[in-house]
Amino acid sequence: MKFWVGVTDNKWYQFFSQLRPDEVNFWQPSGTPPFKGAPIGLPFLFKLKRPYNHIAGGGYFVKYNSFKFIDIEEIAFMYGSFPSLP
């Protein structure tokens, strides 16, 4: 079975865990599209960083979009999901 593991920030994961959303977006600041060509339905696992270092959740890949940083900020504020993390 093929799957994708995305390493995510521990505080970011805790924030979204409390919201219990029905969907989440995984993003990374990179010019290389990590999911281009990934099939719909590909299992996507969220791995926490140190000190936890374990799989904390997962879902299924639906689509890949490329945004400029300003677009991400606007979308996050629109949905009220852009927290201030220390």
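Remarks
- Extreme residue, modelled with the highest pLDDT, among residues of the stretch 5-36 that are closer than 18 Å to residue 66 by Cα and of a type in the set (Phe, Trp, Tyr): 26
- When residues of the stretch 37-86 are limited to those that are small (Gly, Ala, Ser) and under 17 Å from residue 22 (Cα atoms), the one modelled with the lowest pLDDT: 81
- Of all residues in the stretch 1-29, those satisfying the criterion of being over 13 Å from residue 48 (Cα atoms) and charged (D, E, K, R) are 2, 20, 22, 23.
The values are calculated or read from the model by the stated rules, or taken from the named source; none is laboratory data. Since the model is a prediction, treat every value here as computed from it, not as a measurement.
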